[in-house]
Amino acid sequence: MKPQDMAKFGFLYLHNGLWNGTQVIPKEWIMESTQKQITANATTDYGYLFWLQTIKDTSKDKEYFTYRAYGMGGQYIMVIPDLDSGSSSVPLSKCAVSNAFTVSNAFMSNAFIDII
């Protein structure tokens, strides 16, 4: 899977299964697959194909719920729904793809989607 495809997948999950106004994945499945199904260890739970973890931003003393899909060779998709501002004018990073590729809603909407 190419990073562009991974970004699409993360973007789709971030937006509850909606793609250009079309419900591609049922919202109920997005919600269920990113909810705790089992406890993996003391800090991580597991949904349906997603690892669930709360991360702490020590600079702002905030915690954020994340869900991640891991692939072979260090690839991953990480979604942080609480950082989705709902506005493409605020480039908050909330969906990370692979080890060094972070996308924001503004970037995805205005540039990246156009080329993928």
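The values are calculated or read from the model by the stated rules, or taken from the named source; none is laboratory data. Just so it is clear, the structure is predicted and the values come from calculations on it, not from any experiment. Ideal geometry is used to build each Cβ from the backbone, glycine not excepted, and the neighbour counts take in all protein chains shown.
Listed values, structure above:
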| quantity | calculated |
| --- | --- |
| Answer residue from region 8-33, given it is closer than 12 Å to Ala69 by Cβ and in contact (Cβ under 8 Å) with a residue 40 or more places away in the chain and is surrounded by the most Cβ atoms within 10 Å (Cβ to Cβ) among those | Gly10 |
| Region 35-68, subset among the aliphatic types (A, V, I, L, M) and within 16 Å of the chain's Cα centre (by Cα), residue modelled with the highest pLDDT | Leu52 |
| So Ser87, is it at pLDDT below 85, surrounded by 12 or more Cβ atoms within 10 Å (Cβ to Cβ) and out of contact with any Phe, Trp or Tyr (no Cβ under 8 Å at 6 or more places or on another chain) | no |
| Qualifying residue in region 64-71 (condition: surrounded by fewer than 16 Cβ atoms within 10 Å (Cβ to Cβ), touching a residue at least 40 places away in the same chain (Cβ under 8 Å) and assigned to a loop (DSSP other than H, G, I, E, B)) | yes |
| Tyr13 being closer than 18 Å to Leu83 by Cα and hydroxyl-bearing (Ser, Thr, Tyr) | yes |
| Number of positions in region 34-51 that are out of contact with any Ser or Thr (no Cβ under 7 Å at 6 or more places or on another chain) and either within 27 Å of Asp5 (Cβ to Cβ) or touching a residue at least 12 places away in the same chain (Cβ under 8 Å) (or both) | 7 |
| Some residue of region 26-43 being outside any helix (DSSP H, G or I) and of a type in the set (Phe, Trp, Tyr) | no |
